[in-house]
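Q: First, the structure itself, so that you have it in front of you.
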Number of protein chains: 2
Amino acid sequence: MQTLEEIQQLVNDRIDLYIKKNGRKNIYEPIGYILSLGGKRLRPALSVMSSQLFSDDLSYSISPAVAIEVFHNFTLMHDDIMDEAPLRRGKPTVHIKWNSNVAILSGDAMMIQAYQLLADTKPEIFLPILEVFNKTALEVCEGQQHDMDFEKRSNVSIEEYLEMIRLKTSVLLAGAMQIGAIIGGADKTSQKHMYHFGENLGIAFQLLDDYLDVFGDESKVGKQKAGDIIADKKTFLLIKALERAEGDDKDVLQYWLGKKPKDPTEKVRAISAIFKKLKVDEDLLEQVNRYHSAAIYELKKLPVFEERKASLLQLAEQMLVRQH
Amino acid sequence: MQTLEEIQQLVNDRIDLYIKKNGRKNIYEPIGYILSLGGKRLRPALSVMSSQLFSDDLSYSISPAVAIEVFHNFTLMHDDIMDEAPLRRGKPTVHIKWNSNVAILSGDAMMIQAYQLLADTKPEIFLPILEVFNKTALEVCEGQQHDMDFEKRSNVSIEEYLEMIRLKTSVLLAGAMQIGAIIGGADKTSQKHMYHFGENLGIAFQLLDDYLDVFGDESKVGKQKAGDIIADKKTFLLIKALERAEGDDKDVLQYWLGKKPKDPTEKVRAISAIFKKLKVDEDLLEQVNRYHSAAIYELKKLPVFEERKASLLQLAEQMLVRQH
C-alpha cells in the first residue's frame, strides 16, 4: 500500500503533467497559476486513498482524483470573482492578476478539462463516476448560490448554514471518496459509506475552519485573522451567538454588525469575546466532534480489513487537529 | 425519415422537459430564461439530421443534440458578461436581468448539465462522443479568447480572423455533426466528412452574418443595423477594407475608427460606402460561396444514398439564403 506522501506525489506529478501539456499561453496560463498556488491536495489524495481501501492498483484513480482537484480550483477561480476576493493563499486572485473576463473564461476551460481528466480511467466504470461527479458539481454550484443569498439575508438558521456548507464544501469530498471507491471496485454499500465518510468529514473540516478563523493561531492560518467577523459573515459562531444573545450582548453584536471600521481590532475583540461568553465556540467544537465521529463511524462499518483503513483514519484525525 | 420540422419539434420537446425538470428556482431560473429566448435550434437539428443520414433510430441522438444547444447557450451567457452585451434576441441578457454573479454561476451549472444530457445516449459510444465534445468545447473557449484579444489589437489578418470564427462559431457546428454521425453509426471517414461539412458551413454562416450586419434588411436581422461598424469590430469587411484602402479612403476609415458619435448614421454611411467602393462586400460573398461549396462537397463525398442527403442539403441552402 502507498503512503499518504506517496499518493500526494503521484497526484502532484499528474497535476504537473497536466499543467505542462496545457502550456502557459492565453486561457491556459491562469490555470497553471491557480494550480501552482499550492495546497495539500487533500481532495485528490483522499479520493485515491478511498480507492486503495478496495484495490492496490491505483493507476485508474489518479486522473479522476486530479479531475476533482481541477474542478475544485475552477470553483475557486469563479467564486473569487463573485466574492471579490483579492487574495488566495497570499497571492493575487486570477481576476485581480488578469481580469474578470480571463477568470471566467479560464475557469470554463478548467471545467471542461476536469471532464477530460475524469474520463481518463477504466471505460467500464466511467458512467457511474460521471454521474457522481455531475451531481456533486451541481450541488457545489447550489451551495455557492446559498452562500451568496445568505449575505443578503438577516435571518439564517444553523440548519440552513449546515446545509450550505454541506453543498458548498463537503459534497465534493464526499463525491471524491465515492469516485475513488467505485474505481477501487467497491460495492454500492461500501460506496455509500465512503460518500458519507467524506460528507461528514467535510462538514467537520469546514466548521473547524470557522473556529480557526476567529480563534486560530494567525501565523498558521495563513490569512487575515477573524476575516469572517470583519466581513459579518454568517458562520456557525455568529448565527448561534445571534440566537443566544440577550440584553447587553445582543446590543453589542447589533452595534458592530454592518460596521466596517478602518481598524477592526476592537470589533474583532468585542465579538469574539461574546462568542466566548456565550460559549458558542464550545458548541462549535462539539459539532466538529459530532461530525468527525460520524465520519469515523462510516469507516468503521466498512467491510474492509482494519489495517487497510489505518492511514485513512490517521489522515482524518490529522485534518481535525489543525492549527488550534 | 423525419422532416426538419419534426426534428425541431423533438428537440424543442426535449429542451422543454429539461427546463421543466430544472424548475425555475435560484441558479436554474436564468437557464430556463435564456433557453426560452428562442432561436431556430439549428445546431441540435443539424446534429440529429447528421445522425439520420446513417440511421432511422433517432432516440439516442436527441439528448446529445440538446447538450450542444445547452452548451451553446452557456457560452452565450458567459460571453454576454465578457462583451457587456445588454440585449440578446431583443431581451435583457442574464447579467443585466439578474447580475454578473448569477450569470457566472448559472452558466457553470448549465455546462455541467450539458454533460448530463450528453451522457443520455448509447453507453458504448459515449466516450468517443465525449472526446469530440470536450475538444470542441475547449476550442470554443479559445475562439472567445481570440475574439477578445482582437479588440485590443490594431493589426488582425484575414487568416487570423477566419481562424477565430472557425474556433468561436464553426467547430461547435462541426462537433455537432460529428456527434450525430457517431450516434448514427458512421465510420471514421464519414464522421470526418460530417465534421468538415459543419466546419465549412459554420464559417460560411458567420461570414454571411458579418455581411448582413451591414448590408442586411434591418427589419429581418433582429438587431441594431451595422452594430459591427459602430463598435469598430474587426470583421472580414473591415480587415479587408483596411488592407485595401489607399489615399482618401484610408483617411476616411482612420477618421471614423475609434469615434463613437451619438448618432452613428454618418459613420455607418461613410464606412459602408467604402466597403462597397473597395468591393470587400463582393469578396465576402465570394468567400461565403467558397466555404458553402466546400461544405456541400463534403456531403457529396459521403457514401450515403443521395435521397437521404436531400433534406440536409436543402437546409444548408436555406441557411445561406437568409435575409439579403
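Q: How high is the FRET efficiency from A:Tyr297 to B:Leu37, r the C-beta distance, R0 51 Å, rounded to 0.05? Could the numbers behind the result be given before it?
A: Numbers: r = 50 Å, r/R0 = 0.97.
So, using R0 = 51 Å, E works out to roughly 0.55.
Q: Over all alpha-carbon pairs of the range B:16-67, lay out the pair-distance distribution in 10 Å bins, whole %, shortest bin first.
A: 23, 43, 26, 8, 0
Q: Now for a different question. What angle, in degrees between 0 and 90 and rounded to the nearest 10, separates the Cα long axis of helix B:62-82 from the longest principal axis of the Cα atoms of chain B?
A: 30 degrees
Q: Return the sequence-ordered ³J(HN,Hα) values of the range B:256-267 in whole Hz as given by the Karplus equation 6.51 cos²θ - 1.76 cosθ + 1.60 applied to θ = phi - 60°, using x for Gly and Pro.
A: 7, 4, x, 7, 10, x, 4, 9, x, 3, 5, 4
Q: Could you sort B:186-192, B:262-268 so that the peptide with the highest average Cβ count within 10 Å comes first and the rest follow in order? All intermediate terms of the calculation are to be shown ahead of the outcome.
A: On the way: B:186-192: 16.4, B:262-268: 12.7.
Result, highest mean Cβ count within 10 Å first: B:186-192, B:262-268.
Q: Roughly how large is the A-B contact in terms of buried accessible area, totalled over both chains, probe 1.4 Å, nearest 100 Å²? Don't skip to the end; give the middle numbers.
A: Working: alone 15590 and 15620 Å², together 28150 Å².
By this definition, chains A and B bury close to 3100 Å².
Q: Tell me, what is the FRET efficiency for A:Glu306 and A:Glu124 to the nearest 0.05, using R0 = 35 angstrom and their Cβ-Cβ distance as r?
A: Details: r = 30 Å, r/R0 = 0.85.
The computed FRET efficiency comes out at 0.70.
Q: Let me ask you something else. For every helix of n ≥ 4 consecutive DSSP H residues, a contribution of -39,500 (n - 2.57) applies; sum these over chain A, divide by its total residues, and give [θ] at 222 nm rounded to the nearest 500 deg cm²/dmol.
A: Numbers: 17 runs with 234 residues, N = 324.
That comes out to -23000 deg cm²/dmol.
Q: With a 1.4 Å probe and every protein chain left in place, tell me how much accessible area B:Glu124 has, in Å² to the nearest 10.
A: 140 Å²
Q: Treating the Cα atoms of the range A:4-319 as identical point scatterers in vacuum, please give the log10 of the normalised Debye intensity I(q)/I(0) at q = 0.06 Å⁻¹, two decimals.
A: Log10 of I(q)/I(0), two decimals: -0.21.
Q: Could you work out the pair-distance distribution P(r) of the range B:107-202 from its alpha-carbon pairs, with 10 angstrom bin width and percents rounded to whole numbers?
A: Pair shares across the bins are 16, 41, 30, 11, 2.
Q: Excluding ligands, DNA and RNA, what is the solvent-accessible area per residue of chain B at a probe of 1.4 Å, expressed in Å²? Write out the running numbers ahead of the final one.
A: On the way: 14090 Å² over 324 residues.
Ligands and nucleic acids excluded, the figure is 43 Å² per residue.
Q: Treat every Asp and Glu Cβ in the protein assembly as shown as -1 and every Lys and Arg Cβ as +1, leave all other atoms uncharged, and give the resulting dipole magnitude about the Cα centre to the nearest 20 debye.
A: Numbers: 84 positive and 96 negative charges, 130 e Å.
Computed about the Cα centre, the dipole is about 620 debye.
Q: Something else about it: Can you give the translational diffusion coefficient of the range A:1-87 in µm²/s, computed by Stokes-Einstein from the Kirkwood radius over Cα pairs at 25 °C and 0.890 mPa s? Walk me through the numbers before you get to the answer.
A: Values: Rh = 13.7 Å.
Result for D is 179 µm²/s.
Q: Which of B:Gly90, B:Leu4, B:Ala67 sits farthest toward the positive end of the charge dipole of chain B, with +1 on the Cβ of Lys and Arg and -1 on the Cβ of Asp and Glu?
A: Toward the positive end, the furthest listed residue is B:Gly90.
Q: Say we join alpha carbon atoms closer than 10 Å with springs in a Gaussian network model of chain B; which of B:Val48, B:Val156, B:Val288 then has the biggest fluctuation?
A: Residue with maximal mean-square fluctuation among B:Val48, B:Val156, B:Val288: B:Val156.
Q: With a cut-off of 14 Å, note down the residues of the range B:46-79 whose backbone N falls inside the zone around a label point 7 Å from the Cα of B:Ala231 toward its beta carbon.
A: Hits in the range B:46-79 for B:Ala231 at 14 Å: B:76-79.
Q: Have a look at B:Glu160, B:Glu286, B:Glu307 and tell me which one the Gaussian network model of chain B (Cα, springs below 10 Å) gives the largest fluctuation.
A: Top of the fluctuation ranking is B:Glu307.
Q: Quickly work out the A:Glu317-to-B:Ser154 label distance, labels modelled 7 Å from Cα along the C-beta direction, and quote it in nm with one decimal.
A: 6.8 nm
Q: Another question, if that's okay. Summarise the partner chain shielding of B:52-58 as one whole number: the mean count of Cβ atoms from other chains within 10 Å of each residue's Cβ. Spell out each step's value before the answer.
A: Numbers: counts 0, 0, 0, 0, 0, 0, 0.
What the average comes to for B:52-58 is 0.
Q: Let me ask something else about it. Tell me, what is the percent relative contact order of chain B, built from C-alpha pairs under 8 Å that lie six or more residues apart? Could you put the intermediate results ahead of the total?
A: Working: 415 pairs, mean separation 60.2, N = 324.
Once normalised by length, the contact order is 19 percent.
Q: Which of rounded, prolate or oblate describes the range B:213-295 when judged by the alpha-carbon gyration tensor and an a/c cut-off of 1.5? Write out the running numbers ahead of the final one.
A: Details: a/c = 2.27, a/b = 1.24, b/c = 1.83.
Verdict is oblate for the range B:213-295.
Q: Still on this model: Helix B:4-22 sits at what angle to the longest principal axis of chain B, using alpha carbons and giving 0 to 90 degrees rounded to 10?
A: 80 degrees
Q: Heavy atoms only, probe 1.4 Å: what % of the accessible area of the protein assembly as shown goes to carbon and sulfur, would you let me know? The partial results should precede the final answer.
A: On the way: 14060 of 28150 Å².
Carbon and sulfur: 50 percent of the exposed surface of the protein assembly as shown.
Q: Right, here's the next one. Using only the Cα atoms of the protein assembly as shown, what are the Rg and Dmax in Å?
A: Reported Rg and Dmax, both Å: 27.5, 85.
Q: Once you place label points 7 Å from the Cα toward the Cβ at B:Lys260 and B:Lys276, how far apart are they in nm?
A: Taking the simple label geometry, B:Lys260 and B:Lys276 are separated by 2.8 nm.
Q: Same structure, new question: In degrees from 0 to 90, rounded to the nearest 10, what is the angle of the helix A:188-215 Cα long axis to the longest principal axis of chain A?
A: 30 degrees
Q: Among B:Cys141, A:Gly23, A:Leu242, whose Cα lies farthest out toward the positive end of the dipole of the protein assembly as shown, if unit charges sit on the beta carbon of Lys, Arg (+1) and Asp, Glu (-1)?
A: Among B:Cys141, A:Gly23, A:Leu242, the one farthest towards the positive end of the dipole of the protein assembly as shown is A:Leu242.
Q: Let me ask another. In debye to the nearest 20, how big a dipole does chain A give about its Cα centre with +1 on each Lys and Arg Cβ and -1 on each Asp and Glu Cβ? Please list the in-between numbers first.
A: Details: 42 positive and 48 negative charges, 128 e Å.
I would put it at about 620 debye.
Q: Which of rounded, prolate or oblate describes the range A:27-134 when judged by the alpha-carbon gyration tensor and an a/c cut-off of 1.5? Spell out each step's value before the answer.
A: Details: a/c = 2.79, a/b = 1.93, b/c = 1.44.
Taking the square roots of the gyration eigenvalues as a ≥ b ≥ c, the range A:27-134 is prolate.
Q: Here's another thing I want to ask about it. Work out the FRET efficiency for B:Glu131 and A:Glu131 from their Cβ-Cβ distance, taking R0 = 25 Å, and round it to the nearest 0.05.
A: Details: r = 19 Å, r/R0 = 0.74.
FRET efficiency, B:Glu131 to A:Glu131: 0.85.
Q: Within a Cβ distance under 11 Å of B:Ala65, other residues only, what is the Lys/Arg minus Asp/Glu net charge? Could you put the intermediate results ahead of the total?
A: Details: positive: B:Arg14, B:Arg41, B:Arg43; negative: B:Glu69, B:Asp120.
Value of the local net charge: +1.
Q: Could I ask something else about it? Which residue, A:Tyr211, A:Tyr60, A:Tyr33, tops the fluctuation ranking in a GNM of chain A built on C-alpha contacts under 10 Å?
A: A:Tyr33
Q: While we're looking at this one, here's another question. Rounded to the nearest 20 debye, what is the charge dipole size of the range B:1-91 about its Cα centre when +1 sits on each Lys and Arg Cβ and -1 on each Asp and Glu Cβ?
A: Values: 11 positive and 12 negative charges, 66 e Å.
So the dipole magnitude of the range B:1-91 works out to roughly 320 debye.
Q: Name all residues of the range A:149-167 having a backbone nitrogen under 19 Å from the label point set 7 Å from the Cα of B:Asn99 along its Cα→Cβ direction, giving them as ranges.
A: A:149-156
Q: Which residues' amide hydrogens lie under 5 Å from the amide hydrogen of A:Ser61, considering only partners 5 or more residues apart or on another chain, with H built in the peptide plane?
A: Result for A:Ser61 returns nothing.
Q: Given H placed on each backbone N at 1.01 Å, which residues far from B:Arg88 in sequence or on other chains put an amide H within less than 5 Å of it?
A: B:Thr93
Q: In whole Hz, with x marking every Gly and Pro, tabulate ³J(HN,Hα) for the range A:291-297 from phi via Karplus 6.51 cos²θ - 1.76 cosθ + 1.60, θ = phi - 60°.
A: 5, 5, 4, 4, 5, 4, 4
Q: Please work out the Cα center distance from the range A:65-120 to the range B:132-160, rounded to the nearest Å.
A: 20 Å
Q: Here's something else I'd like to know. Hey, what do the phi angles of the range A:299-304 turn into as Karplus ³J(HN,Hα) couplings, whole Hz, using 6.51/-1.76/1.60 and θ = phi - 60°, x for Gly and Pro?
A: Ordered by residue, 3J(HN,Hα) equals 5, 4, 6, 5, x, 9 Hz.
Q: Follow-up question, since we're still on this one. Which is farthest toward the positive dipole end of the range B:280-324 among B:Met319, B:Ala294, B:Phe305, measuring Cα position about the Cα centre, with Cβ charges +1 (Lys, Arg) and -1 (Asp, Glu)?
A: Toward the positive end, the furthest listed residue is B:Phe305.
Q: Mind running the shape call on the range A:114-166? Use the C-alpha gyration tensor, a ≥ b ≥ c as the square roots of the eigenvalues: rounded below 1.5 for a/c, prolate if a/b tops b/c, oblate otherwise. Can you show the working numbers first?
A: Details: a/c = 5.65, a/b = 3.22, b/c = 1.75.
Note, shape of the range A:114-166 comes out prolate.
The values are calculated or read from the model by the stated rules, or taken from the named source; none is laboratory data. This is a predicted model, so every value here is computed, not measured. When we count neighbours, we look across all protein chains shown, and the Cβ atoms used for this are built from the backbone with ideal geometry, even at glycine. Just so you know, the surface numbers come from the protein's heavy atoms only, side chains and all, with ligands and any DNA or RNA stripped out. Shrake-Rupley method; radii C 1.70, N 1.55, O 1.52, S 1.80 Å.
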